[in-house]
Amino acid sequence: MAMYLIGYDLNQPGKNYDALHDAIKRLGTTWCRPLDSTWIVSHPGPATAIRDELMRHIDRNDALLVTGLTGERAWVSLHPKVSDWLKAA
C-alpha cells in the first residue's frame with residue numbers, strides 16, 4: 001500500500017485537534033506521527049481522496065498538505081519508535 005505524508009497548520013487559536021487526529025488514524029492500516037503536525041499513513045490513494053476526507057475536519061483558514069512518499073527516506077533525532085516504524089514501512 002502507498003504511503004502518504006500529511007502536514008497541516010491549524011490557524012485558529014484553541015482549535016481542537018482530536019477530530020482531525022482521529023480522522024487521520026482512520027485513513028489507513030498503519031500510521032505514524034513523526035512531528036507535531038506531520039503524519040505518515042498507509043492508504044491506497046490517491047492523495048486527493050485523503051485531502052477531501054481531512055478537509056471535513058479543518059477550518060477554511062487552515063492549511064493542509066498531502067503528498068505521496070517514495071521508498072527513500074532520511075531523518076535525524078526522531079523518537080526511536082518513529083524511527084523503527086519508518087524503517088519497517
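For residues in segment 41-76 being without any contact (Cβ under 8 Å) to a residue 12 or more places away in the chain and closer than 12 Å to Ala23 by Cβ, which is surrounded by the most Cβ atoms within 10 Å (Cβ to Cβ)?
So the residue we want is Met55.
Listed here are the residues, each with its yes/no results for (1) at pLDDT 95 or above; (2) not charged (D, E, K, R).
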{"site": "Tyr17", "(1), (2)": "no, yes"}
{"site": "Thr38", "(1), (2)": "yes, yes"}
{"site": "Thr48", "(1), (2)": "yes, yes"}
{"site": "Asp59", "(1), (2)": "no, no"}
{"site": "Asp62", "(1), (2)": "no, no"}
{"site": "Lys81", "(1), (2)": "no, no"}
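Could you run through segment 41-51 and say how many residues are outside any loop (DSSP other than H, G, I, E, B) and farther than 20 Å from Gln12 by Cα?
6
Listed here are the residues, each with its yes/no results for (1) out of contact with any helix residue (DSSP H, G or I) (no Cβ under 6 Å at 6 or more places or on another chain); (2) in a loop (DSSP other than H, G, I, E, B); (3) surrounded by 11 or more Cβ atoms within 10 Å (Cβ to Cβ).
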site	(1), (2), (3)
Gly7	yes, no, yes
Lys15	yes, yes, yes
Lys25	yes, no, yes
Arg33	yes, no, yes
Trp39	no, no, yes
Leu78	yes, yes, yes
Leu86	yes, no, yes
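The values are calculated or read from the model by the stated rules, or taken from the named source; none is laboratory data. Here the structure is a predicted model, which is why all the values come from computation and not from measurement. Glycine also receives a Cβ, built like all others from the backbone with ideal geometry; neighbour counts cover every protein chain displayed.
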